[in-house]
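Beneath this line is the structure, given in structure tokens, with notes to follow.
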Amino acid sequence: MFAVGSLWDIVFLVALVIAVAPFFGAYLGRVYMDRPAFGDAILAPIEHAVYRLLGTSPRQSMRAREYLLAVILVNGGVFAFLYGFFFFQGLLPYNATHAPGMSWDLAFHSASSFTTNTDFTHFTNESQLSLGSLMIAWPLALFVSAATGLSVLVAMVRGFVRRDGTLGNYYVDLVRTMTRVLLPLAFLFAILLVLFGVPETFRNLVVAHPITGGTQHLVFGPVASYTSISLLGTNGGGFYSANAASPLANPSAASNLFETFVMMLIPFSTPFAFGQIIRRRNESWPYMGTILIVFAIAVGLFIAYQAATNPALLGIANLGAQSNGYPVGQETRFGLPEASLFQVVSVYSNVGANNMQISALSPMAQLVLLFGMFTQSTPGGEGTGFATLLLFAVLGIFVGGLMVGRTPEYLGKKITTGQVRWAALALLVHPALILVPFVVAVAGGFVSTAGSIPVSAHTFTAVLYEFTSEAANNGSALSTAQFVDSSTFFNVTGGIVMLIGRFLPIWAMLQVGGKFSEQEVLPPGPGTLRTATVTFTIYMTLFLIIVSVLLFLPVIALGPLAQILGGA
């Protein structure tokens, strides 16, 4: 199950991403700064036609408040469309499986989930979702939510170089993200997934004849195109309930590595887009260094604890030596290193796709995944992940500057209490959105286990994982067997958590960028803190880890650590 030689697959894939990221990041920077880029001759006329249709222009630049209102207007429209489609899907076309309309609370949770780039599901795709929902409603959210995240990041970054108080035009950023990034890449990757064996068809049901006799109905559809944008846009909601563990969505070890690359491409390229936009490419590497350090530690710990002997099996008589780690819940078509890389990339990039059963992982591996959702920034989701890392940087530079007696400024602009307050709000709302509903769920008796499963530290971790995934707009789930999460309480509470966890930090990011955009750029002085250095990289990494651990240590102790120490 664990072949040491397969570790080279991880090394090769990460090296490939690091080699491609600077060039793709530079392309992203040119796209968002409206500089000459590939495809201008064909795409520019199309984009300007869309601008005229929307009644906007690239010359109409918005302030932070206007940009936020545009974000809410577009995403609010998507939410309303999704809610209506899911609620009435039983009456709508393309429903060969006769899936009924969702209840009001499940439709609310689902619409909140897909609008916020979370894609956390409380339903079974094959039986509770129509092909129309999978082809029309859900894909709209896959594109708009991903484009919104990238647009917000770019708007925030513009604040470091502008001096007129504006951050750009959201509608223009949204359109250019679609035409220059998401649509062409999703189309290309869908074709490649078809070559790997992922189905692409408008047939909903196919009758198969297994070798054991009888018949079996297989749910098909445009799986390749759906999977492509789902992974590329850090959405992660699978066409099938088994997600990337399904042989139809992820047929082979080769497709597994390719899908891992797709998930990594944009999140690992955004630091270089940042350097391109601010015209200081050397400023990209401290962030890339922080991301790679945390990510490498996470992958190493995950593989090590998954490959270690399961201590719970040592005391079982006549079992014999047990040295193959935690094999339960892992798809045997993939090796442990490759499957582990996929799972860590998925959670740390806020994709949320699963190719392993997270509830069957070792407690330490579960803790590794939780930490990735605590930070939300290594590398984090589409756009907003790197924007969160920039918020950590604003706080880190402010604290570091005060500690050494230097002026708290970044890229020639002073960091004032205004930026610090908004950055702190965005980072503190995350633990609040996890801990408050978690306490209400546990203390209020809303957690009910399925069947005869006893309440344990593992149940505690499952509820913690649920709210952490929703608050981080991640979408991965630990287990639906540990407790019933499809109740009205978890549907409504989870939907509210996802909406606040998405749009309140976006508000803070735009406010931070807006306040920077009102300042003049100052020349560096003798007291300016140098940030494009190895020292700053190490400082940023330690600052991020320490702050994240301090915020979540109490719940870590009661959940994953209790399991590790034998409290499960």
Would the stretch 459-552 count as rounded, prolate or oblate if I go by the C-alpha gyration tensor, calling it rounded below 1.5 in a/c and otherwise prolate when a/b exceeds b/c, oblate otherwise?
oblate
Among LEU7, SER517, PHE120, whose Cα lies farthest out toward the positive end of the dipole of the chain, if unit charges sit on the beta carbon of Lys, Arg (+1) and Asp, Glu (-1)?
SER517
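Stretch ALA19-THR488 to full length: gain in nm at 0.36 nm per residue minus the Cα-Cα span?
Details: separation 469, 0.36 × 469 = 168.84 nm, distance 4.69 nm.
Residue separation times 0.36 nm, minus the Cα-Cα distance, leaves 164.2 nm.
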Tell me, what is the FRET efficiency for ARG59 and ILE211 to the nearest 0.05, using R0 = 45 angstrom and their Cβ-Cβ distance as r?
0.10
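Rank the residues TYR348, TYR226 as a footprinting-exposure proxy: fewest other Cβ atoms within 10 Å of their Cβ go first. Don't skip to the end; give the middle numbers.
On the way: TYR348 30, TYR226 26.
By the 10 Å Cβ count, ascending, the order reads TYR226, TYR348.
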Report the calculated FRET efficiency for ARG163 and SER127 (r = Cβ-Cβ distance, R0 = 41 Å), to the nearest 0.05.
0.15
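Quickly rank 465-477, 262-274, 427-439 as a protection proxy: mean count of other C-beta atoms within 10 Å, highest first. Can you show the working numbers first?
Values: 465-477: 28.1, 262-274: 26.2, 427-439: 18.8.
Packing proxy ranking, top to bottom: 465-477, 262-274, 427-439.
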What area, in nm² and to one decimal, does the C-alpha convex hull of the stretch 20-262 cast on average over all directions?
15.1 nm²
Counting other beta carbons within 10 Å of each Cβ, put GLU338, GLU200 in order, fewest first.
GLU200, GLU338
Diffing the stretch 162-172: the Karplus 3J(HN,Hα) column from phi (6.51, -1.76, 1.60, θ = phi - 60°), in whole Hz with x for Gly and Pro, holds 8, 10, 9, x, 10, 10, x, 10, 4, 5, 5
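Determine the sum of side-chain charges near VAL74: Lys and Arg each +1, Asp and Glu each -1, restricted to other residues whose C-beta is under 14 angstrom from that of VAL74. Intermediate values should be presented prior to the final figure.
Numbers: positive: ARG502; negative: GLU66, ASP173.
Around VAL74, the charge tally is -1.
Assign one of three labels to the stretch 201-318, namely rounded, prolate or oblate, based on the Cα gyration tensor with a ≥ b ≥ c the square roots of its eigenvalues; rounded applies when a/c is under 1.5, prolate when it is not and a/b is larger than b/c, and oblate otherwise.
Oblate shape, in that a/c is at least 1.5 and b/c is the bigger or equal ratio.
Assign one of three labels to the stretch 503-548, namely rounded, prolate or oblate, based on the Cα gyration tensor with a ≥ b ≥ c the square roots of its eigenvalues; rounded applies when a/c is under 1.5, prolate when it is not and a/b is larger than b/c, and oblate otherwise.
oblate
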According to a simple spin-label model (label point 7 Å from Cα along Cα-to-Cβ), what is the distance in nm between ALA80 and VAL404?
5.2 nm
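How high is the FRET efficiency between VAL436 and ALA308 when r is their beta carbon distance and R₀ equals 41 Å, given to the nearest 0.05? Each step should come with its number before you reach the end.
Values: r = 35 Å, r/R0 = 0.85.
E between VAL436 and ALA308, to the nearest 0.05, is 0.70.
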With θ set to phi - 60°, apply the Karplus curve 6.51 cos²θ - 1.76 cosθ + 1.60 along the stretch 288-302 and write out the HN-Hα couplings as whole Hz, x wherever there is a Gly or Pro.
5, x, 4, 4, 5, 5, 5, 5, 5, 4, 4, 4, x, 5, 4
In whole percents, the bins of 10 Å from zero upward hold the Cα-Cα pairs of the chain as 3, 18, 29, 28, 16, 5, 1, 0
At what distance in angstrom do the alpha carbon centres of the stretch 115-166 and the stretch 23-53 lie from each other?
20 Å
Cβ-placed point charges (K, R +1; D, E -1), dipole of the stretch 20-262 about Cα centre in debye, nearest 20:
740 debye
Helix-only [θ] at 222 nm, the chain, -39500 (n - 2.57) per DSSP H run of 4+, per residue, nearest 500, equals -20000 deg cm²/dmol
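For the chain, with only Lys/Arg (+1) and Asp/Glu (-1) charged at the beta-carbon, what is the dipole magnitude about the Cα centre, in debye rounded to 20?
Details: 23 positive and 22 negative charges, 315 e Å.
Charge dipole of the chain: 1520 debye, to the nearest 20.
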Report ³J(HN,Hα) in whole Hz for each residue of the stretch 120-128, in order, from the Karplus equation J = 6.51 cos²θ - 1.76 cosθ + 1.60 where θ = phi - 60°; Gly and Pro get x.
7, 10, 10, 9, 9, 4, 5, 10, 10
Arrange MET102, MET364 by Cβ neighbour counts within 10 Å, fewest through most, would you?
MET364, MET102
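All of the numbers you see were taken from the coordinates with simple rules; none came from a lab. Computed from a prediction, not measured in an experiment: that's the story for all the values here. FYI the Cβ positions are ideal-geometry reconstructions off the backbone, even for glycines, and counts take in every protein chain you see.
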